[in-house]
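The values are calculated or read from the model by the stated rules, or taken from the named source; none is laboratory data. Predicted model only: the values in this text are computed from it and were never measured. Cβ placement follows ideal geometry from the backbone for every residue including glycine, while neighbour counts extend to all protein chains displayed. Side chains included, ligands, DNA and RNA excluded: accessible areas come from the protein's heavy atoms. Shrake-Rupley method; radii C 1.70, N 1.55, O 1.52, S 1.80 Å.
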Amino acid sequence: MPFEFKLPDLGEGIHEAQVLAWKVRPGQEVAAFQPLCEVESAKAAVELTAPVAGRVLETRFAEGAVAQRGDVLVVIDTDGDGEWFGIVGSAPAARPKPAEQGALTNRVRAAPFVRKLARERGVPLEDIAGSGPHGRVRIADVERHAPTAAVDTRTPSLEVEAHTPSAAAEARGAQTEVEAPIPRPAVEEQRPGAIPLVGLRKSIADHMLQAWRNAPQVTSMDLFDVTELVKARELLLATASAEGARLTYLPFFMKAAVEALKAVPEANASVDNQQQAIVLKQDLHIGVATAVPGGLVVPVVRHADRLTLLELAKEIERLVSAARERRSTPSELSGSTFTITSFGGLPGSPLFATPILNYPEVAILGLGRIDLQPRVVDGQVVPRQCIGVSFTFDHRVLDGEGAGRFMSVLKRCVEQPLELLARLR
C-alpha cells in the first residue's frame, strides 16, 4: 500500500526545507528508521528516516529543490497494510474501491510544469503514454509528441519560469521523478552563474532584512587592552587541557558579557511591538555566531551565568562543533537573548565591524582580532595586546549612556581578568 512520507514539522516556525541529498532511490527496499534523505531548514540540516518499511516507489523532489511543510517527499509501497511507526508522514490511506481505482487509472499523472509545457506545445496529455512511474508524463514525453515546428531545444519556458521558487521547484521535481536526482543546486544548470537564494542562505537574508527594517541600529567601538587577559589564559591552558576543555578567549568574553548584561539589563531584552513595551529577559542565553558551509548559524549557550569558565569552554566547543557538522538540534539554534560574534580569526580580519542585530534581540557584541598596538602606560608608549570591540544596539531600547555603561563593565572585566575570575561561579 502506498505510504506518502511528508516533510514533517521541524519546529520553531519552520515552513520549508531544501533537499540536500537523497539516501534512497526508486525501487530500493527500505527498513523502518532507515535514512531517506537529508534536508536543510533555516536552522539546521536534518536527516529524515523512514517511518515504515517497504519499497520506494518515487521521490518527489530533486536535490536542491525546496519543499514546504506537508509536501510529499517520497512514496513507499508497504506491500499490504504495513506497520506505521508514527515518526513523521501520515498513516497509509485505505485502499480505494474498484470504481475509485479505475478513476485513478484514467487520470493523467503529470507535474504542474509538465501540464503547462503541454499547453504551450499544444499537446493533449490524454494522448501521451507517460514513461514515468504509474504512467506519469514527463517533459521528454511531451517533447516527443510536440509538433516539430513548436519544439525548441532551449526549453524557453524553463528559463523564464526558473526565476520563481515555485516554478523552479516544479521544474526540478518534474525532471527527476523517475531519474536520478540532478546535481545541487539545480537552478545553476538553467541559469549559469546564478546562486539560488534558498535554504539557510535565504533564511539569513530574510533575517538580516527584518533586523535592518525593524530596529534603528547604532554601533559603538573601543580598543581594549587585553595584555593581562592573554597572560591569564596562558596560565589556565594546562588546567583546561587536563579537564578536557579547549580554552579560547571566547569564554572569557562571554563571562564578561554576563557581568555587563547584569549591570545593563536593557541589553538583554526584546521589544514587544504590539504591547509597545520593552521586555527584559530573566535568563541569560548567549548565542555564538558560527560560520558553517553555506552561511551563519547561532548555537545558544543556555544559562551562561550559571556555568564556570571551563564549563563554558566545553559547551561552546560542543555547540560550535555540532553546528559546523550540521547535526545541531533546532532547540540548540534558538532562544538566545544576546549574541556574540567573533570575526577576529577570519582571513583579513578587522579590528572593528558593525554587526547587525540578531533580531529580535536588542544588542550584539562583535570581537575583532587581537594584536600588538601602541599604548601609553605610565607616560610611556609601549606595545600591548589589544582587541577591537564593537557593540551594536537597538536605539529604541538603549541610548549612548546605556551602551557606555555596558562597554565600561565589559572593558573592566576583560582588562582586569582577576576581577572577572573573582566573579566566576
Worksheet item: How do the strands (runs of 3 or more DSSP E) wholly within region 283-336 filter down when requiring 3 or more residues that are under 15 Å from the mean Cα position of the chain (by Cα): which remain?
Response: 290-292, 295-297
Practice prompt. Would you point out which residue out of A277, A313, A291 is out of contact with any Ser or Thr (no Cβ under 8 Å at 6 or more places or on another chain) and either of a type in the set (F, W, Y) or modelled with pLDDT of 95 or more (or both)?
Written response: A277
Worksheet item: Is it the case that V218 is over 17 Å from V409 (Cα atoms) and touching a helix residue (DSSP H, G or I) at 6+ places or on another chain (Cβ under 7 Å)?
Response: no
Discussion item. If the requirement is being more than 26 Å from F343 (Cα to Cα) and touching a helix residue (DSSP H, G or I) at 6+ places or on another chain (Cβ under 7 Å), which of these qualifies: L296, L280, L312, L307?
Written reply: L280
Item to complete: Mind listing whichever residues of region 218-237 are open to solvent by 40 Å² or more (accessible area, probe 1.4 Å) and either in a helix (DSSP H, G or I) or not acidic (D, E) (or both)?
Response: V218, T219, M221, E228, K231, R233, E234, L235, L236, L237
Worksheet item: If a residue has to be over 22 Å from F253 (Cβ atoms) and open to solvent by less than 60 Å² (accessible area, probe 1.4 Å) to count, how many in region 366-399 make the cut?
Response: 2
Worksheet item: Out of region 337-357, which residues are open to solvent by less than 10 Å² (accessible area, probe 1.4 Å) and in a strand (DSSP E or B)?
Response: F338, T339, I340
Discussion item. Please determine whether any residue of region 358-365 is touching a Leu at 6+ places or on another chain (Cβ under 6 Å), in a strand (DSSP E or B) and open to solvent by less than 60 Å² (accessible area, probe 1.4 Å).
Written reply: yes
Practice prompt. Take the residues in region 13-62 that are within 30 Å of T290 (Cα to Cα) and small (G, A, S), then tell me which one is surrounded by the most Cβ atoms within 10 Å (Cβ to Cβ).
Written response: A17
Practice prompt. Residues being open to solvent by less than 20 Å² (accessible area, probe 1.4 Å) and more than 27 Å from M221 (Cα to Cα): count how many of those fall in region 311-333.
Written response: 5
Worksheet item: Taking interchain pairs and intrachain pairs at least six residues apart, which have beta carbon atoms under 7 angstrom, with the first residue in region 26-43 and more than 18 Å from T59 (Cβ to Cβ) and the second open to solvent by less than 10 Å² (accessible area, probe 1.4 Å) and in a strand (DSSP E or B)?
Response: S41/A17
